[in-house]
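Note sheet for the following structure.
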Amino acid sequence: MTPQEGTSLPARSVEVAHILAEAGIGGRVRELAESTRTAAEAAKALGCDVGAIANSLVFLSDDEPVLVLTSGRHKVDTTALAARWGRGELRRATPEQVRQSTGQAIGGVAPVGHPRALPTVVDAALSEYPQLWAAAGTPRTVFPTTADELLRITGGILLPVGP
Ligand code: 5CA
């Protein structure tokens with residue numbers, strides 16, 4: 001077993017790995033030597049297109065935290081997305097609000113593993129990539145996935161989020 005495999009993962013990533021395994025997701029959580037804190041860093045470390053990085057962005061809407069799994073190739077058009085989603089204004093969560101609602105820190109927020117499941121949108125642009133990478137609870141852990149798996153594990157809906 002290499003140092004990245006199995007038992008040496010941080011506790012937060014072990015939780016994420018368990019949830020993925022229970023959902024029947026085959027992709028293994030791995031810890032990298034390099035930072036995967038941002039989409040650009042993750043893409044460089046993994047040697048993939050930045051669009052194939054699924055960022056887990058937390059917003060507040062109608063006084064509740066929500067999750068927008070966004071392709072690293074673009075930004076969320078919050079006005080257009082709120083209208084498509086049928087929700088009130090989407091405001092970016094503060095680092096403290098991210099920590100509270102996910103139990104994870106900015107740069108490592110995973111699609112799952114939160115104290116309570118967040119209403120979730122999966123960016124339609126992510127369906128263009130046969131393999132995605134998402135954060136697994138810390139700024140150096142990731143797992144391979146697909147848009148279909150993200151929809152399944154989050155109970156989310158697929159919507160365009162970009163401009
Ligand atoms: N590990 C990568 C994906 S593999 C990752 O977590 N990317 S991310 O985009 O989801 O996380 C970084 C994001 O955190 C930034 O895109 C930004 O949207 C958000 N962020 C960074 N700093 C702040 C801040 N001060 N307040 C709120 N959000 C922030």
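Here are the numbers for the structure shown:
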read-out: Any pair with Cβ under 8 angstrom, 6 or more apart, that starts in the range 80-95 at a residue that is under 14 Å from Leu158 (Cα atoms) and among the basic types (Lys, Arg) and ends at one that is away from the ligand (no atom under 16 Å from the Cβ) and part of a strand (DSSP E or B); value: Arg84/Leu159
read-out: Any hit, the range 146-160, residues being within 16 Å of the ligand (Cβ to nearest atom), in contact (Cβ under 8 Å) with a residue 12 or more places away in the chain, more than 15 Å from the chain's Cα centre (by Cα) and surrounded by fewer than 19 Cβ atoms within 10 Å (Cβ to Cβ); value: no
read-out: Leading residue by the ranking (surrounded by the most Cβ atoms within 10 Å (Cβ to Cβ)) among those in the range 45-75 that are touching a Lys or Arg at 6+ places or on another chain (Cβ under 9 Å) and part of a loop (DSSP other than H, G, I, E, B); value: Asp49
read-out: Options Asp77, Asp63: the member that is at pLDDT below 95, farther than 23 Å from Ile153 by Cα and more than 9 Å from the ligand (Cβ to nearest atom); value: Asp63
read-out: Hits in the range 95-111 (condition: assigned to a helix (DSSP H, G or I), near the ligand (Cβ under 8 Å from one of its atoms) and closer than 26 Å to Arg28 by Cβ); value: Val98
read-out: The range 29-44: number of residues that are of a type outside the set (Val, Ile, Thr), within 9 Å of the ligand (Cβ to nearest atom) and surrounded by 18 or more Cβ atoms within 10 Å (Cβ to Cβ); value: 4
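The values are calculated or read from the model by the stated rules, or taken from the named source; none is laboratory data. This one's a predicted model, so the numbers in the text were calculated from it and none came from an experiment. Neighbour counts run over all protein chains shown; Cβ positions are idealised from the backbone, glycine included.
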